[in-house]
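Asks: Let me begin by handing over the structure; questions about it come next.
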Amino acid sequence: MSFKSETINTPGQSNQIKGLGWLIPAAIILSGAFLRFYQLGASSIGNAYYAAAVKSMLTSWPNFFFVAFEPGGSVSVDKPPLGLWLEAISAGLMGLNGFALAFPNALAGTLAVALLFFMVKKQFGLAAGATAALVLAVTPITIATERNNTMDGMLVFALLLASWAVWRAVENGRASALMLGMLLMGAAFNIKMLQAYMILPALYALYFFGTGYLSWQKRALHLGAATCLLLAVSLSWALLVDSVSADSRPFIGSSTNNSVMELILGHNGIKRLVSTDNSSETQTGSESTTLDISSGTPNEVGAAGALRLFTEPLAPQVSWLLPMALMGLALGWVMAGKPSPLNDRHLALILWGGWLLPMGLYFSFTTGLWHTYYLIMMGPALAALVGGAVWAFDQVLKKSPVLCAGLVLLSSGATLGFEMMILKGYPDVFGTASALIATGWLAGIAVLGLLRQRTRALVLVLASLLAPPFMWSEMTTFNPQPEVDLPKAGPGRGQPDITVLNNTQLKVIDYLLAHTRADGYLAATLDSHGASPLILATGRAVMTFGGYVGKDNILTPTGLKKLVASGRLRYVIDDGNLWEKPAIQTWVTAN
């Protein structure tokens, strides 16, 4: 079997777009950039845990390499280094501020819109590529996440680059392109660990089924070699860090045995699948009168089940066009023709369907530890499949305008109904938004039913369906107080910025600065929520007894006694949660 890529330009689908040259794609990419960059970082420094880590990383090369959470280098963050390295470089060039920390993510998100356009254009044509880029540009959770200093925007762009490279390998039959794809996958692993591997089945299937012109043995050999390269790149930093003696590097945050490999398989692995305790990364409040470091949101991802992505609180984040994407996957496969031999449309659907469907199942049914902003992972595949639906409708239109009108009515009507169901939960916007999108949709269907100006009718229908996610993205971009600790899209106010200190907190910091050695710890506290404001305000070392959320075993009472005896530590701040380390609390109380 031979596979040859081709760019599809179907007359009914893209005449108007071609008449405008590259103006429409350029406008889409610029619009996506605006939604990501407008007043970027103006409201906050972002996630304080990662911001404090970047500040600490800039204090020394060891802290940079080991992604130390605090300047004293006692504990690392719970993520691999690549994303934080890029943020540290950005902050080193532009200063430690909200814009510099979020810049790599916002740039990655903008480039992802452009890359998705070129990929889908090659697979399904110009109109489909423009549609996919527009959907990704206005998917609300992508906006929220890429305006933040969490690393998922960079992760998604790396995964798109890897997908592009594997697609190139299928096009030209060169194993070198496949190796490049696995190299990029390894880089993605070093941004968010096993989260990156969620698209691996899609990439393996794409290469295996797309290179039928190679023998089974050669395909297996190529994929085996690529897997070895993937593992080597993925685990390079982890193995190097674990080879350093524990007393010569930070404690590995969120691990149970001070090992990066255990962090990969435990906290960032099995726990993401089967843990039923999401409170381990969510603090619901504090009674502290000095340093109030509460963060997180209750019931963040809803109950596991088949309808999780179609109901609150997740539906407004990513699912507006999910019905259209799923129907586009099915219709696109039918319209692509017989799958023997596979053509580029079949392979595109294998890639994007293999990307979206497993993630949909994971986010629907897992009881493990994850956050709303992880849904950004669904964005590229969802957008590409909506673009594929546009191509499929055009194919039906050429064969049977009446059938096309019926399919558009069915699929867009179901999507519209679903969007209005979401909007119903927001009375402040439901009436106006529903009236506008229903009017636009009815006008498009009416024109389509008259079998005149069918392309314009399809554009009008699509525009009406894109209006709600665009509105949610706009509210995210212009939100004066967004959720920055655990990003989410849409209206509503986030948690108070813990880096904005009140007078009492400032007095505490002034006292600590005046009564501690510059080469010692400013103070010790239970977790990163108490330490982050101190680090960001002073740049001083701050010991945490329990790492990110107080669960780590970084310091024993014996170790604490030695630190105090040496004069490196004089003060412990108890924000009301030190009881989580009873042995340390007992020693502190007694001494």
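Laboratory data are not the source of any read-out in this text; all were calculated from the coordinates shown. Since the structure is predicted, the reported quantities are computational estimates derived from the model, not experimental observations. Cβ coordinates were reconstructed from backbone atoms using ideal geometry, including for glycine residues, and neighbour counts include every protein chain displayed.
Asks: Where does each of LEU96, LEU134 land when they are ranked from fewest to most other beta-carbon atoms within 10 angstrom?
Replies: Details: LEU96 19, LEU134 27.
Lowest to highest Cβ neighbour count: LEU96, LEU134.
Asks: Relative to the longest principal Cα axis of the chain, at what angle does helix 200-210 sit, 0 to 90 degrees, rounded to 10?
Replies: With both axes taken from Cα atoms, the answer is about 30 degrees.
Asks: So, one more: With a ≥ b ≥ c taken as the square roots of the eigenvalues of the C-alpha gyration tensor of the stretch 150-197, please select rounded if a/c is under 1.5 and otherwise prolate if a/b is larger than b/c or oblate if it is not?
Replies: Because a/c hits 1.5 or more and a/b exceeds b/c, the stretch 150-197 counts as prolate.
Asks: Continuing with this model, one more query. Measure nothing but the geometry: give the 0 to 90° angle between the long axis through the Cα atoms of 379-399 and the longest principal axis through the Cα atoms of the chain, rounded to 10°.
Replies: It works out to around 0 degrees.
Asks: Would you mind checking the tilt of helix 126-138 against the longest principal axis of the Cα atoms of the chain, expressed as 0 to 90 degrees and rounded to 10?
Replies: Tilt relative to the chain: about 30 degrees.
Asks: If the only charges are +1 at each Lys and Arg Cβ and -1 at each Asp and Glu Cβ, what is the size of the charge dipole of the stretch 442-515 around the Cα centre, to the nearest 20 debye?
Replies: On the way: 6 positive and 5 negative charges, 121 e Å.
With Lys and Arg at +1 and Asp and Glu at -1, about 580 debye.
Asks: Applying the Karplus parametrisation 6.51 cos²θ - 1.76 cosθ + 1.60 with θ = phi - 60° to the phi angles of the stretch 163-177, what ³J(HN,Hα) value in whole Hz is obtained for each residue in order, glycine and proline being reported as x?
Replies: Computed from phi, the couplings for the stretch 163-177 are 5, 4, 5, 5, 4, 5, 4, 5, 5, 9, x, 8, 5, 4, 5 Hz.
Asks: Okay, moving on. Which of rounded, prolate, oblate describes the stretch 121-238, given a ≥ b ≥ c as roots of the alpha-carbon gyration tensor eigenvalues and a/c under 1.5 marking rounded, otherwise prolate only if a/b is larger than b/c?
Replies: Details: a/c = 2.94, a/b = 1.25, b/c = 2.35.
Verdict is oblate for the stretch 121-238.
Asks: Holding the Cα-Cα limit at 18 Å, pick out from LYS55/LYS551; LYS79/LYS551; LYS338/LYS399; LYS551/LYS581; LYS79/LYS192; LYS121/LYS399 the pairs that are longer than that. Each step should come with its number before you reach the end.
Replies: Values: LYS55/LYS551 23 Å; LYS79/LYS551 16 Å; LYS338/LYS399 16 Å; LYS551/LYS581 9 Å; LYS79/LYS192 6 Å; LYS121/LYS399 22 Å.
Pairs exceeding the cut-off: LYS55/LYS551; LYS121/LYS399.
Asks: Something else now. Per residue and in Å³, how big is the convex hull formed by the alpha-carbon atoms of the stretch 503-590? Don't skip to the end; give the middle numbers.
Replies: Details: hull volume 8.1 nm³, N = 88.
It is 92 Å³ per residue.
Asks: Neighbouring Cβ atoms within 10 Å as the yardstick, rank TRP579, TRP441 fewest first.
Replies: Values: TRP579 11, TRP441 23.
Lowest to highest Cβ neighbour count: TRP579, TRP441.
Asks: Still on this structure, please answer the following. For MET359, MET421, which order do you get if you count the other beta carbons within 10 Å of each Cβ and list the fewest first?
Replies: Values: MET359 20, MET421 12.
Going from sparsest to densest Cβ surroundings: MET421, MET359.
Asks: Give the range of the longest stretch in the chain that excludes all GluC sites (Glu not before Pro) found in loop regions by DSSP and having at most 14 other beta-carbon atoms within 10 Å.
Replies: On the way: sites that count: GLU6, GLU287.
By the stated rule (loop sites, at most 14 other Cβ atoms within 10 Å), 288-591.
Asks: Which of rounded, prolate, oblate describes the stretch 346-478, given a ≥ b ≥ c as roots of the alpha-carbon gyration tensor eigenvalues and a/c under 1.5 marking rounded, otherwise prolate only if a/b is larger than b/c? Walk me through the numbers before you get to the answer.
Replies: Details: a/c = 2.42, a/b = 1.24, b/c = 1.95.
Oblate, because a/c is 1.5 or more while a/b does not exceed b/c.
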